[in-house]
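Below: one structure, written as C-alpha cells.
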Amino acid sequence: MLARMSSEPEQQIGVGAPDAFQRLWTPHRMAYIQGENKPSGPEPSDGCPFCVIPEKSDEDGLVLARGEHVYAVLNLYPYTGGHCMSVPYRHVADYTELTAAETAELAEFTKRAMTALRKASGAHGFNIGLNQGTVAGAGIAAHLHQHVVPRWGGDTNFMPVVGHTRVLPQLLADTRRMLAEAWPAG
C-alpha cells in the first residue's frame, strides 16, 4: 500500500535542534559512500562492475547500447540526469592500452551518447572526460570508462555547491529507457 502523500514536510523527532533547513534524504548515496560495488583489486575477478555489467540484461545493467568493443551505460551515481559512460568490454586501465578499434568505437559511442542526450533531454552542452588513475578522480581506476555528462543552462544551483547534494529528476530505469530509445543506429 502506498503512503498518503502530503504537502506538509514530515517532522522527525530526535533529529537535532529545529532550524530553517529542510532535509533532502538520499539514502541510495550511502552505497557509493561506503564503496559498494567497488572492486577489491585491479583484476576483473576482484569484482569489477564494468566486467559484470555486460553479463546482465540491458535493463538490469542500465546498458544503453552495445557495440563490438564498447558499450554505453548509465552512471549508477550520476552527476546529472543522463550521465552515462562509454566503456570497453576489455578490462583495461589506461587509455594508451586501447587497441585502434577500441579507441575508434569509444569515440563513436561518445558521439552517439551526445546525440541521444540532445534528442531525449535537450542537453545544451557536455562535460566529457576520462579520469586516469585514482589520484585523477577515477572511482574505478582499473577499468577505463569515459564520462558523458549532459549540462543545461542554469543547471548548477545551491544544492551541489552548498548542500553537497545532487537532485535527479528521474529514476535511472526511466532515464535508461529514454536514452536507449533515442540512441542513434550505428
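Per-residue answers, yes or no, for (1) of a type in the set (Ser, Thr, Tyr); (2) touching a Lys or Arg at 6+ places or on another chain (Cβ under 6 Å); (3) part of a loop (DSSP other than H, G, I, E, B):
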{"residue": "Leu64", "(1), (2), (3)": "no, no, no"}
{"residue": "Val73", "(1), (2), (3)": "no, no, no"}
{"residue": "Leu76", "(1), (2), (3)": "no, no, yes"}
{"residue": "Ser86", "(1), (2), (3)": "yes, no, no"}
{"residue": "Ala101", "(1), (2), (3)": "no, no, no"}
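Would you mention how many residues in segment 86-96 are open to solvent by 10 Å² or more (accessible area, probe 1.4 Å), touching a residue at least 24 places away in the same chain (Cβ under 8 Å) and not aromatic (Phe, Trp, Tyr)?
Summing the residues that are open to solvent by 10 Å² or more (accessible area, probe 1.4 Å), touching a residue at least 24 places away in the same chain (Cβ under 8 Å) and not aromatic (Phe, Trp, Tyr) in segment 86-96 gives 3.
Filtering segment 47-75 down to residues that are more than 12 Å from the chain's Cα centre (by Cα) and of a type in the set (Val, Ile, Thr), which residue is most open to solvent (accessible area, probe 1.4 Å)?
Val52
The values are calculated or read from the model by the stated rules, or taken from the named source; none is laboratory data. Since the model is a prediction, treat every value here as computed from it, not as a measurement. Positions of Cβ are backbone-derived with ideal geometry, glycine not excepted, and every protein chain shown enters the neighbour counts. Each accessible area value is taken on the protein alone, full model and side chains, heavy atoms only, with ligands, DNA and RNA left out. Shrake-Rupley method; radii C 1.70, N 1.55, O 1.52, S 1.80 Å.
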